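The structure under discussion appears below in the form of structure tokens.
The values are calculated or read from the model by the stated rules, or taken from the named source; none is laboratory data. These figures come from a predicted structure and were not determined experimentally. Here the Cβ positions follow ideal geometry from the backbone for every residue, glycine too, while neighbour counts run over all protein chains shown. Side chains included, ligands, DNA and RNA excluded: accessible areas come from the protein's heavy atoms. Shrake-Rupley method; radii C 1.70, N 1.55, O 1.52, S 1.80 Å.
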Amino acid sequence: MATETFEKVKVLIGEVEAAEPGNEEELEQFRIKYLGSKNIIKPFFGAIKEVPNEKKRAYGQLVNRAKVAAEEKYQSLKLIINSNNEEKGMGDLDLSAPAEPIEIGSRHPISIVMNNIVKIFERIGFVVAEEREIEDDWHNFTAMNTPPDHPARDMQDTFYLKDSTERLLRTHTSSVQARVMTNQKPPIRIIAPGRVYRNETISARSHCQFHQVEGLYIDQGISFADMKQTLLYYAREMYGNDTRIRLRPSYFPFTEPSAEMDVYWGLKDETDYRITKGTGWLEILGCGMVDPNVLDNCGIDSEIYTGYAFGMGIERQAMLKYRINDIRLLFENDIRFLRQFASAR
Ligand code: DAH
């Protein structure tokens with residue numbers, strides 16, 4: 001009995017090894033026969049109780065070999081049959097058909113305007129400086145001549161990091177001035193584009209995040225006239241050769257004297273009185289001579305060096321350029337809005 005059973009298992013292994021299912025259907029039949037829930041190997045496992053003790057081990061190994069052989073055969077044939085099927089599928093493909101169009105993204109209007117501004121200043125020797133958006137109080141305020149109890153802090157509602165009075169989201173790119181001045185020796189001539197944050201109610205005109213470009217020029221003998229000429233150059237590059245500018249006295253803690261610069265926009269777009277409030281003049285930036293306190297705070301000798309700085313918002317300029325009437329559109333990333341700038345420069 002025992003020898004007979006041994007022989008049967010060997011025959012079974014031979015059958016498994018010789019089987020050649022050639023398609024999915026035959027493979028499935030193979031699976032049912034040798035691996036299915038009522039497969040023909042199973043009874044041989046059951047028969048182990050009839051095998052004399054001293055032969056049980058050898059018998060068990062043999063039956064197991066049959067099972068492993070069936071599994072291996074099944075897996076390898078499955079791979080072959082599947083890949084054959086895939087190749088056959090290729091036959092239906094029309095390789096000469098035009099490809100699906102690949103959608104190419106476009107630059108965001110903010111990036112376009114920001115890049116334009118940066119390029120204008122790069123042409124006259126300014127170098128890009130980029131810095132962190134999570135700042136500390138010192139670089140954002142204190143170094144910029146705005147100590148903790150300074151009323152000007154109210155001008156910029158600040159987002160502080162959770163559980164911190166030290167770490168905040170920078171409220172302006174002026175913090176980059178402090179970063180650069182504490183790390184570099186004059187002459188310094190940088191342009192710093194980037195995102196800033198303020199705790200403001202979101203409306204058509206203002207948002208809690210926006211973008212600025214900061215400029216800083218420190219050297220010996222830099223004057224207000226140098227600043228004015230540079231800003232006039234900027235306005236003309238950006239808005240056209242006959243653009244007029246005016247500087248109005250203003251106040252910023254980090255500059256003395258301080259000014260705001262307007263460009264003459266005219267009244268041509270003045271449909272609802274909102275753009276220039278009926279004056280024709282449009283404010284685009286704040287500027288001034290760097291306050292000696294700021295230089296000293298950052299380790300630059302204010303007896304030797306002077307300089308000017310300016311900061312401008314990007315959103316306002318992008319909205320003017322592209323006639324966008326709601327700032328929120330710039331942050332929603334609606335593809336229908338963004339597509340309109342596909343060929344913008
Ligand atoms: N940081 C100012 C703001 O966010 C803008 C500014 C004004 C920057 C005057 C300057 C400057 O560098 O000199 O409102």
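Each of the peptides 197-205, 94-102 was scored by the mean count of other Cβ atoms within 10 Å over its residues; in descending order, highest first, they stand as 197-205, 94-102.
Summing Cβ point charges (Lys, Arg +1; Asp, Glu -1) relative to the Cα centre of the chain gives a dipole of roughly 640 debye.
Ligands, DNA and RNA are left out, and with a 1.4 angstrom probe the accessible area of the chain is 57 Å² per residue.
Here segment 109-341 exposes an accessible surface that is 48 percent carbon and sulfur, computed with a 1.4 Å probe and the other protein chains kept in place. The fraction of Cα-Cα pairs per 10 angstrom bin, counted from 0 for the chain, comes to 5, 18, 20, 12, 5, 4, 8, 10, 10, 6, 2, 0 percent, rounded to whole percents. Here the label points at Arg167 and Arg248, each 7 Å from Cα along the C-beta direction, are separated by 4.0 nm in the simple model. Sparse packing (at most 13 other Cβ atoms within 10 Å of the Cβ) combined with a DSSP loop state is found for the following trypsin sites (Lys or Arg not before Pro) in segment 92-197: Arg123, Arg132, Lys162. Counted residue by residue at 0.36 nm each, then reduced by the alpha carbon distance between them, the extension gain from Ile202 to Ile324 reaches 42.3 nm. Approximating the spin labels as points 7 Å out from Cα along Cα→Cβ, the Glu71-to-Asp149 distance works out to 8.0 nm.
At a Förster radius of 56 Å, what calculated FRET efficiency corresponds to the Cβ-Cβ distance of Lys88 and Asp296, to the nearest 0.05? Efficiency computed from Cβ-Cβ geometry: 0.10.
Applying 0.36 nm per residue to the separation of Lys8 and Gln184 and subtracting their alpha-carbon distance, the gain on full extension is 54.5 nm. Straight-line cross-link partners of Lys88 among the lysines, defined as a Cα under 25 Å from its Cα and at least 8 positions apart when in the same chain: Lys73, Lys78. For segment 2-92, the carbon plus sulfur part of the accessible surface works out to 53%, probe radius 1.4 Å.
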